[in-house]
Amino acid sequence: MTKSNHRESSFPIDSLFLDRWSPRAFRDEAISEEQILSILEAAHWAPSSSNQQPWRFIYALKGTEQWEKALELLIEFNQGWAQNASALVFIVSRTFQGEVDGERKPSYSHSFDAGTAFGFLSIQAHLAGFHTHGMGGIHYDKIKEAYAIPDGYRVEAAVAIGTIGDRDTLPDKLREREVPSSRKPLSEVAFNGTFTAN
């Protein structure tokens with residue numbers, strides 16, 4: 001077992017996986033273009049089915065003209081804390097593998113692959129001294145419209161990236177939750193040769 005960041009795994013793992021977590025309190029500071037591109041570089045090296053690489057990233061940096069546009073595409077609750085992040089990234093996946101005789105061949109694993117890229121993104125951000133917080137609370141249709149995302153692409157999620165800040169900057173309700181979360185026991189999600197719905 002491994003202990004780190006007030007967490008404990010059932011089996012030995014690298015402490016990186018316990019140290020990475022998703023805060024909402026960020027310092028109100030900028031991130032450089034080079035830093036965000038380094039994080040996205042790692043994300044795009046994720047594995048994917050048939051090396052299709054279906055992920056696409058739309059990013060906005062604090063202090064740029066794109067920032068307010070991106071922030072307004074989050075639901076109001078998430079805008080409240082994400083406004084202090086350094087960058088926002090929208091993850092989009094291509095839902096088809098390619099075209100054969102003018103027909104698009106659907107991709108079964110596009111969301112799975114995009115999620116893997118998010119995992120790589122989160123780890124690289126952590127290694128670079130940043131934290132990430134993934135969000136489903138976004139305006140999916142407005143994002144497609146705002147960025148002219150065509151049919152055949154699915155908006156998956158948004159990610160706030162920044163340097164961890166003081167939890168006292170959050171409202172009381174969020175401040176109480178601003179701790180690394182635990183996980184279910186591995187035995188509830190990993191099964192040897194069988195499946196248990198729970």
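The values are calculated or read from the model by the stated rules, or taken from the named source; none is laboratory data. This one's a predicted model, so the numbers in the text were calculated from it and none came from an experiment. Glycine also receives a Cβ, built like all others from the backbone with ideal geometry; neighbour counts cover every protein chain displayed. Note: accessible area is taken over every heavy atom of the protein model, side chains too, but ligands, DNA and RNA are not part of it. Shrake-Rupley method; radii C 1.70, N 1.55, O 1.52, S 1.80 Å.
Pop out the ³J(HN,Hα) list for region 141-151 in order, Karplus 6.51 cos²θ - 1.76 cosθ + 1.60 with θ = phi - 60°, rounded to Hz; leave Gly and Pro as x.
5, 5, 5, 4, 6, 5, 10, 6, 7, x, 4
Just to be sure I follow the definition: excluding the sites themselves, where is the longest run in the chain that has none of the GluC sites (Glu not before Pro) in a DSSP loop with at most 16 other Cβ atoms within 10 Å?
In short, 73-198.
Which is the longest stretch in the chain that no exposed loop site breaks, taking sites as trypsin sites (Lys or Arg not before Pro) with a DSSP loop state and at most 14 other Cβ atoms within 10 Å?
In short, 28-182.
Between [x] 21.0; [y] 17.2; [z] 18.3, which entry matches Kirkwood radius over Cα pairs in Å as derived from the coordinates of this structure?
Calculated Kirkwood radius over Cα pairs in Å: the matching label is [z].
Per DSSP H run of at least 4 residues, take -39500 (n - 2.57); add these up for the chain, divide by its residues and hand me the 222 nm value, nearest 500 deg cm²/dmol.
-8000 deg cm²/dmol
Could you tell me the center-to-center distance, by alpha carbons, between region 113-161 and region 56-104 in angstrom?
6 Å
Give a residue-ordered list of calculated ³J(HN,Hα) values for region 84-101 (Karplus: 6.51 cos²θ - 1.76 cosθ + 1.60, θ = phi - 60°; whole Hz; x for Gly, Pro).
So the J values, rounded to whole Hz, are 8, 6, 8, 8, 10, 10, 9, 9, 10, 10, 7, 8, 10, 7, x, 10, 10, 6.
Under the Karplus relation 6.51 cos²θ - 1.76 cosθ + 1.60, θ = phi - 60°, what is the ordered set of whole-Hz ³J(HN,Hα) values for region 184-198, x standing for Gly and Pro?
Working through the residues one at a time gives 4, x, 4, 5, 8, 10, 10, 10, 8, x, 8, 9, 10, 7, 8 Hz.
From a point 7 Å beyond the Cα of residue 11 in the direction of its Cβ, which residues of region 170-196 have a backbone N at a distance under 20 Å?
182-196
Would you mind telling me the share, in percent, of accessible area of the chain contributed by carbon and sulfur at probe 1.4 angstrom?
The nonpolar share, carbon plus sulfur, comes to 51 percent.
What residues have an amide H closer than 5 Å to that of residue 55, excluding those fewer than 5 places away on the same chain, when H is modeled at 1.01 Å from N in the peptide plane?
Amide H to amide H, under 5 Å and 5 or more residues apart or across chains, residue 55 pairs with 94.
Give the accessible surface of the chain per residue, rounded to a whole number of Å², with probe radius 1.4 Å and ligands, DNA and RNA excluded.
59 Å²
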